[in-house]
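Heads up: the structure comes next, in structure tokens.
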Amino acid sequence: MKKLHACMAALCLAFTAPISAGAASDGPEVTFGIVPQQSASRLARMWGPFLNELGRQTGATFRFRTAKDIPTFEACLAAGAFDFAYMNPMHYTIFSQEAAYRALAHQQGKRLRGVMVARADADITEISSLDGQVIAFPSPGAFGASILNRASLRQADVSFEPSYVKSHDSVYRAVAAGLMPAGGGVTRTWNALDPDVRAQLQIIFETDGFTPHAVAVHEGVDPVFATGVQTALLGMVTSAPDLVQGIGMKGFVSAEDSDWDDVRALGMARDETGITHKGDIECPSG
């Protein structure tokens, strides 16, 4: 199978981390995009070994890809620039329609919840205390960290000004440094946070839970190969549990498009989500 959606090297460097996963093989070479909830270097350390093993099991070479921020990642999804992608729930409901991605799996035993954090020594114990404040979020379209938390603040009649700081880790560090009184994240990135930073923070609010991030495949990928990747993903909890734990998960379960109907039931219009059609760098689609 030919390599799909290959980036020209110079442009690829502009919006992805130039990191490879998977040993050279005679099998297909494919890209695997990871939503940039954390820094590119940290995501590469977490996902690189996992993708190496996925490549070993499937005979493919997986190329780790991310973006400098979530809006640019959304541009790449809109362009169909990744063969496989790990994307947030709202991304999936949009780009399964707009860019022909199909769900293969999602995290096992997980409901995605947004959390709001403040400094541990701050006199802030509930979101009503944030009225009139500037609050940090990763990006407009980050589902749990931004969309769910913003909706919860508005439902509580809390006025606020959002400040978008690129990643979940950037939110936590900005709040810990006292640059913002509070910020939004999700339980997975909170649990994966540097313990020294987390010790400076407290969770003051948690949203309801929703179906978590999707691992999805683009329609241009051979369906037989995609099924093989899905099988390997589901088996990683047994074959490589340490690598699954290394990406902050317990395992994967098979997914269907209807699994994200709870997200669709929010009834958010496209322009209400904050998810962009493209970032400031266009991703090549071929």
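Read-outs: derived from the displayed coordinates by stated rules, not from any lab. For clarity, every value in this text was computed on a predicted model and none was experimentally measured. Counting neighbours? That spans all protein chains shown, and the Cβs are built from the backbone with ideal geometry, glycine included.
This model, with +1 at the C-beta of Lys and Arg and -1 at the C-beta of Asp and Glu, gives the chain a dipole about its Cα centre of some 600 debye. Can you check what the net charge comes to around residue 272, using other residues whose Cβ is under 14 Å from the Cβ of residue 272 (Lys, Arg +1; Asp, Glu -1)? Neighbourhood net charge equals +3. The length gained by stretching the chain between residue 203 and residue 250 to full extension, at 0.36 nm per residue less their Cα-Cα distance, is 14.7 nm. The mean sequence distance of close C-alpha pairs (under 8 Å, at least 6 residues apart), as a share of the length of region 114-206, puts its relative contact order at 47 percent. Quick check: net charge around residue 43, other residues with Cβ under 15 Å of its Cβ, Lys/Arg +1 and Asp/Glu -1? Summing Lys and Arg as +1 and Asp and Glu as -1 gives +4. Angle of helix 89-98 to the longest C-alpha principal axis of the chain, folded into 0 to 90 degrees and rounded to 10: 50°.
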